[in-house]
Amino acid sequence: MDHLTYDWPDYYDWTSPGLDYDISYYTELAKQSGGPVLELGCGTGRCTLPIALAGIPVVGLDANESMLNRARQKTRQINLKEKIKWVNGNMTNFDLKQKFPLIIIPYRSFLHLLTIRDQVHALNRICQHLTDDGIFAFNVFVPSVKHLYEMDNRYSYRGSFPVPGTAETVELIDFTEYDHFSQQASIIRYFERYSQSGQLIERIRTTFRLRYVYPAELSHLLALCGFKIRHRYGDFRRMPFDRHSQELVIEAVKRKV
């Protein structure tokens, strides 16, 4: 049996379903804002496209051109070209020459900013692109000391995911190393694609890094860059954020001068 050849964005889409209720949360915010919306770290458009389907104009910015090419392909397939603009750029230095009533960074993409300097640069750019009464919304995971210790220098199985339109599956495995001084994680990710009979078809290896942040640290960063936190939630159903929360969802506004 012949097997189709897939690219990296395909594997990303298959194994990145998002977090519970996150698309609904961000789409609801987009509707409330009236648009246009700016999404930073948009990837292949997992959140961007539903916002456009809701009738809200949206700009999706990402530094990875191959991910954007897949997003553009999806846009053509569902005829949303008039609602979406895709921009290849970095969230630390973008200049779109317009302001937005809503700017979002879904799916923990803020954590790909690997230094405090990059975080500050990105927050300053966001502040400059946000309307005076606009909202900046994003989410990150909450670091657990116990979890960081248990995951360090270990392999972890992330799950099995179906390949749409086939009987194949992809299994996801991570190897993680932490540098706790810089609060960075280096991750080697393996995608293993199997046939229905369990035969290994393809194995892809990729690497990425992230910088985890603590809630108090994030509050200081936002204040430093001119923001005031309007809401903190522990999930996308707007449950209160507390010591048991594993996710931190933030809605921030510009601090009045």
Take the cross-link list Lys85/Lys256; Lys99/Lys256; Lys31/Lys97; Lys85/Lys254; Lys85/Lys228; Lys99/Lys228 and give me the ones stretching past 20 Å between alpha-carbons. Lys85/Lys256; Lys31/Lys97; Lys85/Lys254; Lys85/Lys228
Of the DSSP H helices in the chain, those whose Cα atoms cover at least 15 Å axially and whose Kyte score averages -1.0 or more: 22-33, 116-129
Loop sites only, by DSSP: take the chymotrypsin sites (Phe, Trp or Tyr not before Pro) in the chain that have at most 14 other C-beta atoms within 10 Å and name the longest stretch containing none of them. 22-180
Where does the charge balance sit around Leu19 when Lys and Arg score +1, Asp and Glu -1, over other residues with C-beta under 10 Å from its C-beta? -3
Under the 0.36 nm per residue contour assumption, what length would be gained going from the current alpha-carbon distance of Arg203 and Gln128 to full extension? 22.7 nm
Would you tally the net charge around Ile105, using a Cβ to Cβ cut-off of less than 14 Å, leaving Ile105 out, and scoring K and R as +1, D and E as -1? -2
Take the Cα atoms of the chain, find their three principal axes, and give me the spread along each one in whole Å, biggest first. 65, 47, 32
Hey, what number do you get for the chain at 222 nm if only DSSP H runs of n ≥ 4 count, each worth -39500 (n - 2.57), divided across all residues, to the nearest 500? -8000 deg cm²/dmol
Could you work out how far apart the two model spin labels at Asp242 and Asp174 are, taking each label as a point 7 Å from the Cα in the direction of the beta carbon, and quote it in nm? 2.7 nm
Can you give me the relative contact order of the chain as a percent, contacts being Cα pairs under 8 Å and 6 or more apart? 16 percent
Under 14 Å Cα to Cα from Lys81, which aspartates and glutamates show up? Leave out anything in the same chain fewer than 8 places away. none
Segment 144-211: percent of C-alpha pairs farther apart than 16 Å? 54 percent
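Where a number appears in this text, it was derived from the coordinates with a stated rule and is not lab data. None of the values given here were measured: they were computed from a predicted structure. When we count neighbours, we look across all protein chains shown, and the Cβ atoms used for this are built from the backbone with ideal geometry, even at glycine.
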